[in-house]
Amino acid sequence: DLSSLAAKRRAAADAVVIDNPRAREAHTIFNYLIEHGKLRASDSKLAVLMVAPSQSGKTTILKTFADQRNTPESLQRRERPVLLVPLQANVTPKGYAQNILETIAELGFQTGLHTGSENNLLSRVREYLIKAKVELLIIDEVHHLVHSESHKLAKSVSETIKRMLIQGVCPIVISKG
């Protein structure tokens, strides 16, 4: 069948990763965050801010790391060791929680991402990060907070991220372009 042959060739091409010193360095840091998070299971977690100009390869570095850690076996068990969440523009704390729950829902969890208050949704985020065995949460496109209509909104979302670190579910990588 021609379509399955094309799919196999596409999968083989997608599996090719060209070694990149910047990616290797970033992946080493991400692995350190995961190991540090496991050693300090009930304590506050660390965060790393990844800043670089637009179109410099940040998202590619993040995706290749997630692809390496999120094996077909872990995904089949409904686990996502690395959860990569792109933020939507002008996100609120509630929208931030919904973005995370939407990504987790891709594993087949019924996260109820459209119902509940901000606090209910954030509690659900914590619950589902644990259920999905997330070892590293990556928030991509965090610069959308900067373009928010008010600095108060951006500050409230950053406070939400800070609370997540203090509660200690998993380390967080924040990517800004």
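Looking at the range 37-153, what helices (runs of 4 or more DSSP H) fall wholly within it and have at least 1 residues that are more than 14 Å from Ile174 (Cα to Cα) and open to solvent by less than 40 Å² (accessible area, probe 1.4 Å)?
Details: elements: 58-69, 72-76, 93-105, 118-131, 143-146.
Filter on the range 37-153 gives 58-69, 72-76, 93-105, 118-131.
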Query raised in the report: Any residue in the range 102-115 that is touching a strand residue (DSSP E or B) at 6+ places or on another chain (Cβ under 8 Å) and touching a residue at least 60 places away in the same chain (Cβ under 8 Å)?
Result: no
Report task. Please work out if Leu84 is more than 25 Å from Ser158 (Cα to Cα) and either touching a residue at least 40 places away in the same chain (Cβ under 8 Å) or among the hydrophobic types (A, V, I, L, M, F, W, C) (or both). Result -> no
Query raised in the report: In this structure, does Asp43 turn out to be under 21 Å from Leu165 (Cβ atoms) and of a type in the set (Asp, Glu)?
Result: yes
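The values are calculated or read from the model by the stated rules, or taken from the named source; none is laboratory data. Keep in mind it's a predicted model, so treat the numbers as computed, not measured. So basically every Cβ, Gly included, is an ideal-geometry build from the backbone, and we count neighbours across all protein chains shown. We work out accessible area using only protein heavy atoms, side chains counted, and drop any ligands, DNA or RNA first. Shrake-Rupley method; radii C 1.70, N 1.55, O 1.52, S 1.80 Å.
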